[in-house]
1. Show me the ranking of peptides 51-63, 213-225 by mean Cβ neighbours inside 10 Å, starting with the highest.
2. What does the charge dipole of region 1-110 about its Cα centre add up to, to the nearest 20 debye, if the Cβ of each Lys and Arg holds +1 and the Cβ of each Asp and Glu holds -1?
3. Add +1 for every Lys or Arg and -1 for every Asp or Glu among the other residues with Cβ under 9 Å from the Cβ of Leu237, and state the total.
4. His64: net charge of surrounding residues, Cβ under 10 Å, Lys/Arg +1, Asp/Glu -1, itself excluded?
5. What is region 82-211 by shape, rounded, prolate or oblate, if you read a ≥ b ≥ c off the alpha carbon gyration tensor as root eigenvalues and call it rounded for a/c under 1.5, prolate for a/b larger than b/c, and oblate otherwise?
6. What net charge is computed for the residues neighbouring Phe83, neighbours being all others with C-beta under 11 Å from the C-beta of Phe83, Lys and Arg scored +1, Asp and Glu -1?
7. Filter the cross-link list Lys5/Lys26; Lys56/Lys239; Lys27/Lys56; Lys2/Lys63; Lys26/Lys66 down to pairs whose alpha-carbon distance in this structure exceeds 25 Å.
8. Need the C-alpha centroid separation for region 235-282 versus region 146-189, integer Å.
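Where a number appears in this text, it was derived from the coordinates with a stated rule and is not lab data. No experiment lies behind these values; they were computed from the predicted model shown. Here Cβ is always computed from backbone atoms with ideal geometry, including for glycine, and neighbour counts include all displayed protein chains.
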Amino acid sequence: MKAEKEKWILLLVLSLIWGSSFILIKKSLEHFNPFQVGALRVLIAGIILFPVAISKYKLFPKKHIKWLILAAITGNFIPMFLFPIAETEISSSIAGIINSMMPIFVIIVGALVWKFDTTKQQIIGVCISFAGVCILAFGADDGGRFKLIPILLLLLATLCYAISTTTVKSKLMELSSIILSAFVFSFVLVLPSIIALALTGFFSEFSFSEDNMMGLLFVGLLSIFGTGLAMTMNYRLLKVSSPLFASTVTLLMPIVAIIWGILDGEKLTFLQFIGAGIIIGGLIFLRTKPAIKK
C-alpha cells in the first residue's frame with residue numbers, strides 16, 4: 001500500500017516538473033542556441049550531483065558500465081538536444097503532447113528487447129490516454145501546422161527515453177536513485193557536455209551580460225528540477241513500479257505544458273479540456289503492474 005501511494009505521488013510530482021520543462025526550454029532558447037541549451041542542462045546537473053558521485057564512487061557499477069552508458073546517452077543526453085532543436089520550429093505544448101508517445105515505445109521496446117509482459121488492462125489504459133493526447137494535438141492552438149522534421153526528432157527523443165527506462169529497470173536497479181543519477185550525469189555525461197559547449201563556441205563568446213544571466217537562470221531551473229531532481233525521482237519511480245507505469249508521466253505532462261502555454265499567452269481550446277479528461281481517465285487502467293519474465 002505504501003509503495004502504491006508513493007508511485008502515484010511520484011507520478012504527479014514528475015508530471016508537474018517535466019511538464020514545466022517545455023516552457024523552460026522555450027525561454028532558454030531566447031538566450032542560447034539549441035545545442036548550448038542541451039549541453040548546459042546536462043553540465044549543470046552533473047556539477048550539482050558531482051559531490052554525491054565522488055562520495056559513492058566505490059559503488060560505481062563497473063560490471064554494468066555498458067548499461068549505465070546506454071541509459072545515460074539515451075535518457076539524459078540525446079533527448080536534451082533533440083527537444084530544444086525541435087522547439088525552434090514548434091510550440092512547447094506540441095512538444096509535450098508528442099512526448100506522450102513514450103508509453104507506446106516502452107511497450108514495444110520492453111516486449112522486443114527485454115521480454116516484458118504487459119497486461120491487457122495496461123494496454124487499454126495507454127490507448128485511452130493516447131486517444132486523449134491525440135485530441136489534445138488536434139485541439140492545440142498552433143495554427144494546425146505540423147512540421148515533419150521536428151516531430152520526427154521528438155519521436156526519436158521519446159524512443160530514446162523508452163530505451164533508457166527499460167534498460168534501467170532491467171539492469172541498474174541495484175543502485176539507489178540518487179547514486180544512479182549522480183553517476184549518469186557526473187561520471188558519464190559531464191565531459192561530452194563540455195565538448196558540446198566548446199564546439200558551439202560558448203566558452204569563447206559567453207559574457208556576464210543581463211541576457212546571458214537570464215538565460216542561465218532558465219537553464220539552471222531546467223537542470224536542477226527538470227533534469228537532476230526529476231531523473232532521481234524517475235529512477236525511484238522505476239524501483240517502486242513498472243517501466244510502463246513510470247512512462248505514463250508523459251501522458252500527464254501535456255496538461256501541465258498547455259497550462260504553462262496559457263500563462264505564456266496561448267489559449268486553451270474546448271478539445272484540449274476533453275483530451276485532458278480522457279488522459280486522466282486512461283490512467284485508471286494502469287494500476288496493474290506488469291510482470292517481468294526471468
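1. Numbers: 51-63: 13.0, 213-225: 18.8.
With the highest mean Cβ count within 10 Å placed first, the list reads 213-225, 51-63.
2. Numbers: 11 positive and 5 negative charges, 134 e Å.
That gives region 1-110 a dipole magnitude of about 640 debye.
3. Its environment carries a net charge of +2.
4. Local charge sum for His64: +3.
5. oblate
6. Values: positive: Lys26, Arg41; negative: Glu87.
Summing Lys/Arg as +1 and Asp/Glu as -1 gives +1.
7. From Lys5/Lys26; Lys56/Lys239; Lys27/Lys56; Lys2/Lys63; Lys26/Lys66, over 25 Å: Lys5/Lys26; Lys27/Lys56; Lys2/Lys63; Lys26/Lys66.
8. 19 Å
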